[in-house]
């Protein structure tokens, strides 16, 4: 009589918060017990050489990432605000024509070039937040940003229980807000540390309406520098990152999970240089708080778990820290930069409050990797000025809501 033993694959011992000891132990075990490939995937570069490759330890010596708005700039911004308000149009109509910045425009276009072809990030500093109402601050932020990257992406497909193209998201601690219990599925709505990850879209911008009472430093890391380190020391993990991974649909009955790589290689052409793109969020594989990892989908592997931790701890090693001050707008290339933040403390008098846009600049945009094309189409296509919604107050977007009954199509990152 033959006995058949079925071994069911199990999710590795990995959580949203990375554990350096578990990472080292897993790496040591795999290096000792597995025959790991020593070559990169075919065509992948052994080293990337670009301004997009940098380390936090010395980047300040060779790159000034802050542009401080001048008095003339502020006067031009204020005139543009009054011009747009006089048009009596909804905020979806904000663009470089309806929010004219005749002199500042060239500086902001230079920032877009820097994001795509330079170091990948820039801060515009000095917006006088206290001078404006909440709606006016949003108009100013969206107006300035329209000159950097004129196409905006939807961040949610419903608002207040109704279909909507939500273009702006509030990043704020909502864990104590009425009705939030059991609904926090992303660290954006807590005071917790956010680990290194990417968002959706080409360009991410964040505008600080207020800073935390303590902590909350923004961390940026060159994903190209991380790639170079792994290509040199652990080419097997480059192979792991370039294979398909099971992304959690978090209970979406139409899409319980889907598969795609985290890492994409784009060969040089006559019009663009060689590039790599890494797109992922750790919570897609570990869950977070009220949105745990689904149990009825394929688990990730031990190799996946090590690769996730390697991305985080190498990004941490090479990161630069930026203090978010009230009135700062941070722009980053989401295709070449990982971002994170430290935990923070609020007080009743001072609470960290950022607002976010996902953007694209057709003049300088990188080619979208084919496996991301569907998500990018859902992000950008079919958005009309009339349908764009910019909530004035924070709420938990559907892609990050634990226990939700509606799923945002772009929850894959």
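The values are calculated or read from the model by the stated rules, or taken from the named source; none is laboratory data. Worth saying up front: this structure is predicted, and the values here are computed from it rather than measured. Note that we place each Cβ from the backbone using ideal geometry, even for glycine, and neighbour counts take in every protein chain shown.
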Original post:
Filtering region 21-45 down to residues that are free of Cβ contacts under 8 Å to residues at least 40 places away in the same chain and assigned to a loop (DSSP other than H, G, I, E, B), which residue is surrounded by the most Cβ atoms within 10 Å (Cβ to Cβ)?
Top reply: 34
**OP:** Output the residues belonging to region 99-122 that are free of Cβ contacts under 8 Å to residues at least 24 places away in the same chain and in contact with a helix residue (DSSP H, G or I) (Cβ under 8 Å, 6 or more places away or on another chain).
**Re:** 100
Subject >> Residue that is modelled with the highest pLDDT, among those in region 374-399 that are outside any loop (DSSP other than H, G, I, E, B) and more than 14 Å from residue 165 (Cα to Cα) >> reply: 376
**OP:** Can you give me the number of residues within region 326-360 that are surrounded by fewer than 20 Cβ atoms within 10 Å (Cβ to Cβ) and within 12 Å of the chain's Cα centre (by Cα)?
**Re:** 1
Subject >> Residues of region 269-283 satisfying the condition of being crowded, with 19+ Cβ neighbours inside 10 Å and either out of contact with any strand residue (DSSP E or B) (no Cβ under 6 Å at 6 or more places or on another chain) or over 17 Å from residue 43 (Cβ atoms) (or both) >> reply: 279, 280, 281, 282, 283
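Taking the stated definitions as given, is residue 14 part of a loop (DSSP other than H, G, I, E, B) and either modelled with pLDDT under 95 or under 26 Å from residue 113 (Cβ atoms) (or both)?
Against the criterion (part of a loop (DSSP other than H, G, I, E, B) and either modelled with pLDDT under 95 or under 26 Å from residue 113 (Cβ atoms) (or both)), residue 14 does not qualify.
Is it true that residue 85 is closer than 30 Å to residue 164 by Cβ, out of contact with any helix residue (DSSP H, G or I) (no Cβ under 7 Å at 6 or more places or on another chain) and touching a residue at least 24 places away in the same chain (Cβ under 8 Å)?
Taking the combined requirement at face value, the residue satisfies it.
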Subject >> Which numbered condition residue 215 misses (of (1) more than 17 Å from residue 338 (Cβ to Cβ); (2) out of contact with any strand residue (DSSP E or B) (no Cβ under 8 Å at 6 or more places or on another chain)) >> reply: (2)
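Per-residue answers, yes or no, for (1) surrounded by fewer than 23 Cβ atoms within 10 Å (Cβ to Cβ); (2) more than 20 Å from residue 389 (Cα to Cα):
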residue	(1), (2)
151	yes, no
156	no, no
171	yes, no
185	no, yes
196	no, yes
203	no, no
213	yes, yes
Original post:
Could you list, in sequence order, the residues of region 291-316 that are without any contact (Cβ under 8 Å) to a residue 60 or more places away in the chain and either in a helix (DSSP H, G or I) or in contact with a strand residue (DSSP E or B) (Cβ under 7 Å, 6 or more places away or on another chain) (or both)?
Top reply: 294, 297
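Could you check region 218-236 and list, in sequence order, the residues that are under 28 Å from residue 188 (Cα atoms) and in contact with a helix residue (DSSP H, G or I) (Cβ under 7 Å, 6 or more places away or on another chain)?
Answer for region 218-236, where residues must be under 28 Å from residue 188 (Cα atoms) and in contact with a helix residue (DSSP H, G or I) (Cβ under 7 Å, 6 or more places away or on another chain): 221, 222, 225, 226.
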**OP:** Collect the residues in region 166-200 that are over 13 Å from residue 352 (Cβ atoms) and at pLDDT 95 or above, keeping them in residue-number order.
**Re:** 166, 167, 168, 169, 195, 196, 197, 198, 199
Original post:
Tell me, which residue of region 400-413 that is modelled with pLDDT of 50 or more and under 18 Å from the mean Cα position of the chain (by Cα) is nearest to residue 209 (Cα to Cα)?
Top reply: 400
Subject >> Options 266, 289; residue that is within 18 Å of residue 46 (Cα to Cα) and under 22 Å from the mean Cα position of the chain (by Cα) >> reply: 266
**OP:** Give region 54-77 a look and list any residue that's touching a helix residue (DSSP H, G or I) at 6+ places or on another chain (Cβ under 8 Å) and in a helix (DSSP H, G or I), or say none.
**Re:** 73, 76, 77
Subject >> Single match in 97, 114 (criterion: in a loop (DSSP other than H, G, I, E, B) and more than 18 Å from residue 326 (Cβ to Cβ)) >> reply: 97
**OP:** Look at residue 143 and say whether it is over 29 Å from residue 60 (Cβ atoms) and either modelled with pLDDT under 95 or assigned to a strand (DSSP E or B) (or both).
**Re:** no
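Do we have residue 371 as modelled with pLDDT of 95 or more, more than 27 Å from residue 147 (Cβ to Cβ) and either part of a strand (DSSP E or B) or within 20 Å of the chain's Cα centre (by Cα) (or both) here?
yes
Name the one entry in 73, 88, 21 that is at positive phi and at pLDDT 95 or above.
The conditions single out 88.
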